[in-house]
Amino acid sequence: MRVRVASAGTGKTTSLVRRLLARVAGGAPLRRAAAVTFTRAAAAELRERVAQGLDEALASGAYLGGVDRFPPEAAPRFAEARRELDGAVLTTIHGFMAVGLRTAAPLLGLDPNFAAMPEWEAQAIFEEELHGLAYAVGDPDGEVDRATRDAFARLGPAAPALAAAAFRDRSLADRFEAAPGDADAAAVARVAQVAYARFRARTGGVRLAPSEIERAALRQVASPEATARLAARVPFVLVDEFQDVNPLQGRYFRALEAAGIEVEAVGDPKQSIYGFRHADVEVFRRAAREGEVLPPLTESRRHAPVVATFLNALTGRLAADGRGFVPDEAPDVVSAGAQAEVAGRVEVHWVRGRARLDALRRREAVVVAERLEAAHARGRPWTEMAVLARGHHALERVRAALLARGVPAVLGQGRGYYERTEIRDLVAALRVGVEPNHRPSLAAWLRGPFGQAAPAEIERIVTADDPLEALRRERPDRAEALRRIADEVRSGPLDALRTVLHAPLLPDGERFTERLTRRQRENADALLFELAERPPGDLELALERMDLLSRRAREAGDVPAEGAGVTLATIHAAKGLEWPTVVVFDLGAYGDRRPAPEPLFQDGRLHLRSGPGFEEAAVAHAERARQESYRLLYVAASRARNELILTGSAAEGRTPGPWAAALARVGDGLGPDLRPRAGSGFLLGRHDADGNEAPPPAAPDPAAPAL
C-alpha cells in the first residue's frame, strides 16, 4: 500500500483528482478505479471536483491552470471518462464495500439488492433481541442452551447492557471474544454472540448496517473467488482520510492489497480525532510502516503565512514531545497560491487571576466578543468568523457574551443530531407525555431506557383495550413515571425536558443523564439550550419541529441552522471546514485527568472491570484519549485561513492543562505566563477577571522574536 501524509489545507482532494486524471490520461478507464472517502458530502464534492478536472483537461489539455499537462492523445480518454462519471465509484468507504459485496452477493449469502440500515436502528433491533433472549432465559421451558443461561446467571441484571455495549463497538473486532482468563467478559461474549445470531436471522442479507457491511466485506476478502470478482471490477482504489479508518476497515484494505488490488491512501495522522467512532490512527501508521511512503503534501492554499508559521511551530513542538503524533507525521508547510500574499494574524489571549475558573471563563468569553468586534471593525463579516470549543457548555458561554453585545451568532448541532439515540429517547419520553394513550408513542417509550420492558411485555400493554390500565397493572413503577412526565408537560416544554433529563424516572431510580457518556450529555444539553433560546408555544410544536429537522437530516445530511452570524461549533463538527477568522476558546479547560473507566472495554477483545487485564486496557484507552486531545488542538487551530485567535483561562495556583503547557513550549510567552507584546504578525494579550488588562504595544515591536 502506498501512503501519503497531507496536512490540513494542503489539498488532499486535489491530489486525488490529479491521481485519477493521470491514470485516465495513461489509458486506464475511470470505470476501473475507485476513490473513497468518509462522508457522503465529501464523496459528492469529490465527484464534482473530478467533473471539473475532466472539463478543464478537455478544454485546455491541462489541470490546475497548467500545473499538470496532458498529451493530445489523452483527449478521447478524458471524453470517455466524462461520459462514465455518473457511474464511477466515487463514494464512501461503506459505499465501496457495498459495491464489492454486490459483485459476489450470492457467494456471501446476501441479497444483491440489499439495503442500507442506519446504525441506530441496528442497535435498537439488537437490543430487542437481547430483551427477547433475556425473557426466554427467564422461562424454564425457553429454548436457550445451558451455556447462555449460565452466562446470564453470572452477569445478572447487567447482562443486556453489557452485551449491547459490545455490539455498539463491533467495528473494533469481527467477533465477540473475551480477553484470556476473563470469565465475566467471556459471559458477555456468549450473550452478545447468541443475541447477534438472532439479530442476523432477523435482518438476514437484506438490510445491512455500516458495521454489518464491514463484517460482510471481511468475509468477501477471505474468499479468493469473491475477491477476484471485485479485483476484476476495480483494480485500483484511492482512499481519502485514511487516518480515520477503524480496525476492520484497515484489515479490509490490507486484504485488498494482498489480493493484488492497488491501494493508495492519503491522510493526516494529526487530524485523527474520531476515536469515539472507533477510528484508530495506528491503522494509518501500520500502513506507513509496511508499505511505501510517498512524499508529503506541504503547500497550503488555506493558510496565510503567519498562520502557517504558527502551525509549523505547534506541530513541531508537539511532535518533538511525542504528543499526538511524531515528526514524520508533521512536515512543515508553506503558504501557496493567493494565500501566500495575505497579511495574516495570530492572537493569543490568556485570562489570569485568583478568581474561580468560572469567573475567569466568563471574562474570557467577553475577550472573545471584543476580539471578534475588532475583526469586524477591520472589515470581516460576521458570517466569515467561527468560535470553536470542545463542548456545547463552552459555546454557550461565548454565545451569551456575544448576544449581550449584539453580535449575531449561530449554534448548530451538526450532522444527524436529531437522529442520535439519546435525542430520540428524549423525544420519545416527551411525546408519550403529550399522548400517553398513543400506542406507538407508548411502545417507543417502553422499549427505550425509560421503560426497559421486554418485547412480550410491551406487546401485552400496547395491545390491551386500555394500555394505561395494563401499564398500571403490569408495571406500576413505570405508570408512575409516565404520570409525572405527563404532569410536567403541562408546565411547559422547558420544564418537561428538564424533568426528563434530571429526575429519577428510570427503573431503580436512575436519572437519564446518568446513563449517558460525556458526549451524549453534551448533545442532550444542547437540546435544552435550544428550547431555552427559542421556546416554542407548546411542546407539540417543539416535537413537530424536531420531526421535521430529523427528516431533513436524513435527506440533506446536515441539520439546518437558523439565522446568520458568527458560527459556534464544536471542534469535531468543524473538521473539514474552514473560516477566514477562527477563535479557539477555553484552552485552559482540558486537563490530563484520566476519565472514569467504562465497565467494558473493547480493544479487539472484551475486558470487563472485574477481570484480569482490565486496568491495563483502561490505561491504554486513557492514553489514546490523551494523545487524541493534542490532535484536536491542531484540528481546531488549522481551521483558520487568515486570522487565528486562541483564548484560555488560568487560575492562580492551578497547574495549567496540557493545551496551555503545549502552547508555552511552542514559543517564548505563548502560555498562560505570556508577556504582552506584538510583532511579526502575532498579538499577545493578558487579561484578568475584573476586566483589567496589560495591553500589547500599539505598534509592532521589532525586537519581538518571531516563532
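A few points about this structure:
- When Rg and Dmax are taken over the Cα atoms of the stretch 431-529, they come to 13.5, 41 Å.
- Euclidean distance of C-alpha centroids, the stretch 99-162 and the stretch 209-267, integer Å: 26 Å
- Split the accessible area of the chain by element, probe 1.4 Å, and carbon with sulfur accounts for 50%.
- Centroid-to-centroid separation of the stretch 424-472 and the stretch 314-388 [C-alpha atoms, Å]: 49 Å
- Only Cα pairs under 8 Å and 6+ residues apart enter the sum, and on that basis the relative contact order of the chain stands at 18 percent.
- If both residues of a DSSP beta bridge must be in the chain, then about 15% of such bridges are antiparallel.
- Farthest towards the positive end of the charge dipole of the stretch 430-479, among the residues H438, L468, Q452, is the Cα of Q452, using unit charges on the Cβ of Lys, Arg, Asp and Glu.
- Sequence-distant residues sharing a close amide H with V387 (under 5 Å, placed H): T567, L568, A569, V583
- Sorting 461-473, 385-397, 345-357, 315-327 by average packing, meaning the other beta carbons within 10 Å per residue, from highest down gives 385-397, 345-357, 315-327, 461-473.
- Counting every C-alpha pair in the chain, the share spaced more than 41 angstrom apart comes to 36%.
- Distance (nanometres) between label positions extended 7 Å along Cα→Cβ at T655 and R219: 5.1 nm
- Accessible-area value, Y252, 1.4 Å probe, nucleic acids and ligands omitted, Å²: 0 Å²
- Net charge dipole size for the stretch 438-483 [Lys, Arg +1 and Asp, Glu -1 on Cβ; Debye, nearest 20]: 120 debye
- Gyration tensor (alpha-carbon) shape descriptor, the stretch 323-439, a/c threshold 1.5: prolate
- Per residue, the chain exposes 42 Å² of accessible surface when a 1.4 Å probe is rolled over the protein heavy atoms with every protein chain present.
- Only DSSP H runs of four or more residues enter the estimate; each adds -39500 (n - 2.57), and after division by the residues of the chain the mean residue ellipticity at 222 nm equals -15500 deg cm²/dmol.
- Cα shape, the stretch 221-264, gyration tensor, a/c 1.5 rule: oblate
- Check: the stretch 267-330 dipole with +1 on Lys, Arg Cβ and -1 on Asp, Glu Cβ, in debye: 240 debye
The values are calculated or read from the model by the stated rules, or taken from the named source; none is laboratory data. Values in this document were obtained by computation on a predicted structure and should not be read as measured data. Ideal geometry is used to build each Cβ from the backbone, glycine not excepted, and the neighbour counts take in all protein chains shown. Each accessible area value is taken on the protein alone, full model and side chains, heavy atoms only, with ligands, DNA and RNA left out. Shrake-Rupley method; radii C 1.70, N 1.55, O 1.52, S 1.80 Å.
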